Amino acid sequence: MIETKTKKHKITSGVKEWADSSVNLFSGCENACKYCYAKKMAIRFGRKTEETWKNMEINENAVNKKYGKRKGRIMFPTSHDITPAVLDPCMEVLKKLLTSGNEVLITTKPNLLVIRTICDLFQNTFYKNWIQFRFTIGALDDKTLKFWEPGAPSFTERFQSLQYAFNAGYKTSISIEPVLERVHLFSLVRILDPYITESIWIGTMNYISTNVPDKDLKYYKEARATRDPKYLREIQDLFRHNKKIRWKDSIRNILEKDAKKISEKRLSNLMKMG
Ligand code: SF4
């Protein structure tokens, strides 16, 4: 079980690994991340195209409806981001979720204006305790971030947002999923760690082969290399003393599969010898 300050969460996988339900208000996301699973699904079911995904279309019903108390923690949002352009409706719904007694995990590639607005609004209220920020920061290098997440804030802006929320006394956590750079992972954690009160989630990119047309691009190679079981065992060893680190299902699955492969190979060698 993963402990938070207010309740316990059972580890499962995907969104359920972090929360019990989710809330979304828009179709599309201006960050336009190349690896985005929500985008893939929207394109697959004909709701969007690669070009139109970055246009955020509001779901008025989701904004205007009432939100009651739900069972467990709510993740908000999961299939778009909270950007300055959509801040007002997002704030409206965030207020409804909190005032109905819900614990909210705010997941975002943080924009400083957005984070300031949220922190300042709830600063002297009871609801502050029911918010946890989870900021996605998958790399230190802005060129890498720009390649994979072209519409999202720079590293500096995300780092400033983390510092702002931490200094304002909010619960903070980080998602390094997907890891975008192998070499800088240790430095990334070292820089962010002092501003994290809760957890640091690390995961790899799924479905890489469909993310870039040119498979030889260095960014593609780098993302692919983060899925190497040898590298994953090394980083698990490197971070073994850091109690905030949590491994996402993407990593656990790779390592379980690899361990199975190794034991099958050993068994087959033993049988050959026998
Ligand atoms: S921020 Fe999230 S929802 Fe938006 S494009 Fe990136 S992965 Fe998709």
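Where a number appears in this text, it was derived from the coordinates with a stated rule and is not lab data. The structure displayed is predicted, hence computed values, not measured ones. Don't worry about glycine lacking a Cβ; one is built from the backbone with ideal geometry, like all the others, and counts go over all protein chains shown.
Measuring from each cysteine beta-carbon in the chain, the ones with no other cysteine beta-carbon under 4.7 angstrom are Cys29, Cys90, Cys119. Under 1.5 on a/c is rounded, so check that first for segment 45-184, then, if it is not, pick prolate when a/b is larger than b/c and oblate when it is not; a ≥ b ≥ c are the square roots of the alpha carbon gyration tensor eigenvalues. Oblate shape, in that a/c is at least 1.5 and b/c is the bigger or equal ratio.
Please give the per residue volume of the convex hull enclosing the alpha carbon atoms of the chain, rounded to a whole number of Å³.
152
Which FRET efficiency value, to the nearest 0.05, is calculated for Leu121 and Lys260 with the Förster distance at 51 angstrom and r the Cβ-Cβ distance? Step by step, r from the Cβ atoms, then E = 0.55. Per-residue ellipticity at 222 nm from helix content only, as computed over the chain with -39500 (n - 2.57) for each DSSP H run of at least four residues, stands at -12000 deg cm²/dmol. Packing, as the average of other Cβ atoms within 10 Å across residues, places the peptides 94-103, 255-264 in the order 94-103, 255-264, highest first.
Between Leu140, Leu238, Leu185, the residue with the greatest mean-square fluctuation in the GNM of the chain (Cα pairs under 10 Å linked by springs) is Leu238. Name the residue farthest towards the positive end of the dipole of segment 130-274 from the options Ala139, Tyr164, Ile202, assuming +1 on Cβ of Lys and Arg, -1 on Cβ of Asp and Glu, about the Cα centre. Result: Ile202. Angle of helix 87-99 to the longest C-alpha principal axis of the chain, folded into 0 to 90 degrees and rounded to 10: 90°. Exposed loop sites are taken as chymotrypsin sites (Phe, Trp or Tyr not before Pro) in a DSSP loop (any state but H, G, I, E or B) with at most 11 other beta carbon atoms within 10 Å; the longest stretch of the chain without one runs 46-206.
Taking the DSSP bridge list for the chain and keeping only pairs wholly inside it, about 15 percent are antiparallel. Pairs exceeding 26 Å between alpha-carbon atoms, taken from Lys221/Lys243; Lys54/Lys171; Lys16/Lys128; Lys221/Lys244; Lys34/Lys265; Lys218/Lys261: Lys221/Lys243; Lys54/Lys171; Lys221/Lys244; Lys34/Lys265; Lys218/Lys261. Between Ile115, Ile43, Ile174, the Gaussian network model of the chain with springs among Cα atoms under 10 angstrom shows the greatest mean-square fluctuation at Ile43.
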